[in-house]
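Heads up, the thing below is written out as structure tokens.
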Amino acid sequence: MPLALNVQRVQPSVTMQISARAAALRREGVDVISLSAGEPDFDTPRNIKDAAIGAIEAGFTKYTTPGSGIPELKAAICAKFRRDNNLEYTPQEVIVNNGAKHSLYLAVAAVVNPGDEVIIPTPYWVTYTEQPRLMGGVPVVVETRPEDDLKLTPDALHRAITPRTRMLVLNSPSNPSGMVYTREELAALASVVVEHGIWVLSDEIYEMLVYDGAVHHSIASLGPAIRDLTLVVNGVSKAYAMTGWRIGYTAGPAEIIAGMDKIQSQEVSHPASISQKAAVEALNGPQESIAQMRTAFDERRRYMVARLNAIPGVTCALPQGAFYAYPVVSALYGRAAGGRAVADSVSLCEYLLEEARVACVPGAGFGTLEHIRFSYATSMTQIEKAMDRVESAIAKLG
């Protein structure tokens, strides 16, 4: 019996595939350096772990949490939006989910009907195009340009909108490019969105990781009209090194949040009770760990980009946010070494995995064919070793 049509339309995650391949090689004893996963290498801060341990010891391990999140966590999220984003939400306008990916899925499920179009600018995180397909929606990929720093422009957005357009997916800071939209750029996009009355799904999971004076702005904060059309997604995974705790959250109009809650209650009941207690401490507790991680990421960012730009055939812009370098590598296409031909970003990543034992992600998975993505969310020692290997492997291509 065949799978459901919507499932057949979905492509597997290229980042998960690369990570799985690297993990399999490691199990075989191969020394692989993974620069593919979007996961901080830092440990979850001690105060957050202690909060979870306290929840366990207090017996907070039952079906005792509301489906949309415990009240103290929703209050902490509202306080975070007020403190960091100049946004006012009530607890009824907030839902806690099982990671930001789950938040994105529920938001799409709550508003996208079969046949609805979802505008997704390149480069996009690999999941953005696939979640609408699960709803029978149609991802509409809009190519951005290097001269616009790989950001969506108001003109490009306007041209992409049709009577079937339901939603725009926006991600700043960007995974994979690391680019950050300015307030002025967001305001220009917001004007188009409000004119046409479409939803914005704003993924802001990397908001705390910005560099060189870049400032994160939430598009929802630019006025009542755009706020009422925006679903803001965030979480604790990146800022607090809590990827495995699986806590994301969404803020938006109460009726959409209620719809997301209805889906979540039938799908997974509620997020893990223990993780919710940990997330309360993350948002309300000391914030020094964020600055410490950001400082380390900044050092790694500068080093990796400098090393990449020193390799003939590779050019890399300095990212403003997140923890990825996204170099242009198309000058290497058409070369070969040891019987291996490099035709595109996929075969280049395969070559680097086999020859250099470095795992990275092809830009094809993000909608751009000229790039590959390296994560610098690992130690400087590993990055230095990886860049040595990459440089040596690319030098062999002729």
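The values are calculated or read from the model by the stated rules, or taken from the named source; none is laboratory data. Computed from a predicted structure; not experimentally measured. When we count neighbours, we look across all protein chains shown, and the Cβ atoms used for this are built from the backbone with ideal geometry, even at glycine.
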List the number of the failed condition for Ala364; all other conditions in (1) hydrophobic (A, V, I, L, M, F, W, C); (2) at pLDDT below 95; (3) closer than 30 Å to Ile48 by Cα hold.
(3)
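Residues checked against (1) over 22 Å from the mean Cα position of the chain (by Cα); (2) surrounded by 17 or more Cβ atoms within 10 Å (Cβ to Cβ); (3) assigned by TED's automatic domain parsing to the domain that holds Glu39:
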residue	(1), (2), (3)
Asn309	yes, no, yes
Pro312	yes, no, yes
Leu318	no, no, yes
Tyr324	no, yes, yes
Pro327	no, yes, yes
When restricted to Pro12, Pro40, the only residue within 27 Å of the chain's Cα centre (by Cα), in contact (Cβ under 8 Å) with a residue 12 or more places away in the chain and either outside any helix (DSSP H, G or I) or surrounded by 19 or more Cβ atoms within 10 Å (Cβ to Cβ) (or both) is Pro40
Write out, first by first residue and then by second, each pair whose Cβ atoms fall under 7 Å of each other, whose residues are 6+ apart or on separate chains, and whose first residue, in segment 314-335, is at negative phi while the second is part of a helix (DSSP H, G or I) and small (Gly, Ala, Ser).
Val329/Ser345
Out of segment 1-51, which residues are small (Gly, Ala, Ser) and touching a Lys or Arg at 6+ places or on another chain (Cβ under 6 Å)?
Ala51
Check on Ala306, under 30 Å from Ala336 (Cα atoms) and assigned to a helix (DSSP H, G or I):
yes
Subset of segment 112-125 (residues that are closer than 24 Å to Ile95 by Cβ and surrounded by 21 or more Cβ atoms within 10 Å (Cβ to Cβ)):
Val112, Val118, Ile119, Ile120, Tyr124, Trp125
Give all pairs with beta carbons closer than 6 Å in which a residue from segment 46-68 that is touching a residue at least 60 places away in the same chain (Cβ under 8 Å) meets a residue that is surrounded by fewer than 15 Cβ atoms within 10 Å (Cβ to Cβ); count only pairs at least 6 apart in sequence or on separate chains.
Gly67/Ser265
Exactly one of Ala359, Ala364 is touching a residue at least 24 places away in the same chain (Cβ under 8 Å) and more than 18 Å from Tyr124 (Cβ to Cβ), and that one is Ala359
Residues that are in the same structural domain as Phe81 (by TED's automatic domain parsing) and among the polar types (S, T, N, Q): which helices (runs of 4 or more DSSP H) entirely in segment 195-285 hold 1 or more of them?
254-267, 273-284
